[in-house]
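To keep things clear, I will list the structure first and then write my remarks on it.
The values are calculated or read from the model by the stated rules, or taken from the named source; none is laboratory data. Since the structure is predicted, the reported quantities are computational estimates derived from the model, not experimental observations. Reconstructed Cβ throughout: ideal geometry from the backbone, glycine too, with neighbour counts over all protein chains shown. Ligands, DNA and RNA are stripped out before the accessible areas are found, and what is left, the full protein with its side chains, is counted by its heavy atoms. Shrake-Rupley method; radii C 1.70, N 1.55, O 1.52, S 1.80 Å.
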Amino acid sequence: MRTYLRHKIVNVVGVKELVALEYLDFYGKYKDYTESHGFWEICFSESGEIGFCLNGEKRVLHKGEVLFVPPHAEHSYTTNSNEARAFVICFESPSVTLKPLGGISMHIGKEETESIKRIIAESERTFRMSENGTLETVENPNFGGQQAILLHLEYLLICVLRSLAVEKNSDIVFLDEKAFYADLSDVIIGFFRENIRRKMTLKEICEKLNYSPSFLCNTFRKQTGETLFACFNRMKIEEAKRMLEEGDMSASAVSRELGFSEPKYFGALFKRLVGVSPAVYQKQHHRR
């Protein structure tokens with residue numbers, strides 16, 4: 001008897017949730033309308049030319065091209081042509097492999113175009129957009145339509161990433177999981193170092209790096225063994241030690257300089273991590 005071995009499937013691209021599937025209305029709600037949201041958006045130009053503005057940069061989307069709008073990017077569409085027609089696909093995805101697509105507009109091939117056409121066809125028999133802008137299941141939906149849309153969308157994303165990776169002098173390199181996580185942690189720590197004297201929020205960090213809070217927190221802790229803000233505070237205290245050693249600033253002034261809103265919190269954190277209060281540390285280590 002032949003022996004079969006199981007193989008664990010690695011999902012390099014995953015769609016978590018569909019948000020919107022619809023044609024743009026250039027003379028209705030999308031006319032001169034700038035928006036920003038926390039999910040991905042794909043705009044496919046089915047015909048005509050469509051102008052768009054992404055984070056203040058104006059460009060044109062030609063027939064057969066797609067635009068990938070990353071989460072939290074400000075964008076708007078406009079056209080002067082009655083023949084222009086575009087379909088948008090909005091979705092949430094925790095997949096970090098999508099990051100290189102953010103802000104890219106490109107002409108896609110026959111296979112990718114066919115995937116989008118299948119998404120459109122399935123969506124017309126599966127969903128409708130309600131008046132408040134949410135997806136609702138139609139009466140008697142296409143059997144397996146929701147799953148089919150996800151499969152076609154994930155395949156589209158894989159094909160686009162493949163095509164970008166094989167381009168000459170491409171900046172896209174697919175790392176294995178361990179290498180990717182290490183690289184992401186280095187990026188976060190570098191970002192902390194650049195902003196060591198500022199007070200930061202989790203929302204600001206996520207918007208800067210284009211990742212969800214849960215993914216950033218879990219990945220960073222898995223890789224480094226500490227939470228995001230435990231690391232950031234530890235780095236701040238190391239900077240405070242240097243400032244107390246080399247300067248004549250008081251502990252309160254150092255606290256303000258490093259973005260702490262409460263000197264008492266700074267003092268307590270410093271003593272917990274260093275073992276003595278900022279004032280005592282300064283007396284012991286100040287380089288006169």
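Couple of notes before you dig in:
- On the stretch given as segment 240-288, residues that are basic (Lys, Arg) and within 22 Å of PHE229 (Cα to Cα) total 6.
- Qualifying position, being charged (D, E, K, R) and either under 29 Å from the mean Cα position of the chain (by Cα) or under 19 Å from MET200 (Cα atoms) (or both), among ARG272, ARG242, ARG221: ARG221
Residue-by-condition table, conditions (1) over 26 Å from GLY145 (Cβ atoms); (2) of a type in the set (Asp, Glu); (3) under 18 Å from the mean Cα position of the chain (by Cα); (4) modelled with pLDDT under 90:
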residue	(1), (2), (3), (4)
LYS8	yes, no, no, yes
VAL15	no, no, yes, no
LEU21	no, no, no, no
ASP25	no, yes, no, yes
TYR33	yes, no, no, yes
CYS43	no, no, yes, no
SER47	no, no, no, no
LEU54	yes, no, yes, no
ARG59	yes, no, no, no
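- One residue from PRO94, PRO100 being touching an Asp or Glu at 6+ places or on another chain (Cβ under 9 Å) and at pLDDT below 90: PRO100
- The requirement of being part of a helix (DSSP H, G or I), surrounded by fewer than 18 Cβ atoms within 10 Å (Cβ to Cβ) and out of contact with any helix residue (DSSP H, G or I) (no Cβ under 7 Å at 6 or more places or on another chain) is satisfied by ARG256.
- Of the residues making up segment 220-243, those that are in contact with a Phe, Trp or Tyr (Cβ under 6 Å, 6 or more places away or on another chain) and touching a residue at least 40 places away in the same chain (Cβ under 8 Å) number 4.
- Strands (runs of 3 or more DSSP E) within segment 14-133 that include 1 or more residues on the phi > 0 side of the Ramachandran plot, open to solvent by less than 80 Å² (accessible area, probe 1.4 Å) and aromatic (Phe, Trp, Tyr): none
- Residue list for segment 182-213, restricted to those being of a type in the set (A, V, I, L, M, F, W, C) and either open to solvent by less than 20 Å² (accessible area, probe 1.4 Å) or more than 15 Å from the chain's Cα centre (by Cα) (or both): ALA182, LEU184, ILE188, ILE189, PHE191, PHE192, ILE196, MET200, ILE205, CYS206, LEU209
- If you go through segment 134-148 and keep only what is loosely packed, with under 13 Cβ neighbours inside 10 Å and closer than 23 Å to LEU161 by Cβ, you end up with just GLN147.
- In segment 130-142, the residues that are without any contact (Cβ under 8 Å) to a residue 40 or more places away in the chain form Cβ pairs under 7 Å with partners that are assigned to a strand (DSSP E or B) and open to solvent by 60 Å² or more (accessible area, probe 1.4 Å), at six or more places apart or across chains, as follows: SER130/GLU136; GLU136/ARG128; VAL138/ARG128.
- Considering (1) assigned to a helix (DSSP H, G or I); (2) open to solvent by less than 60 Å² (accessible area, probe 1.4 Å); (3) over 18 Å from PHE191 (Cα atoms), the lone condition that LYS264 does not fulfil carries the number (2).
- Screening VAL276 against (1) open to solvent by 30 Å² or more (accessible area, probe 1.4 Å); (2) under 16 Å from ARG198 (Cβ atoms); (3) hydrophobic (A, V, I, L, M, F, W, C); (4) assigned to a loop (DSSP other than H, G, I, E, B) leaves a single unmet condition, (2).
- Annotation: of all residues in segment 214-251 being open to solvent by 40 Å² or more (accessible area, probe 1.4 Å), among the acidic types (Asp, Glu) and assigned to a helix (DSSP H, G or I), the one that is nearest to ALA268 (Cα to Cα) is GLU238.
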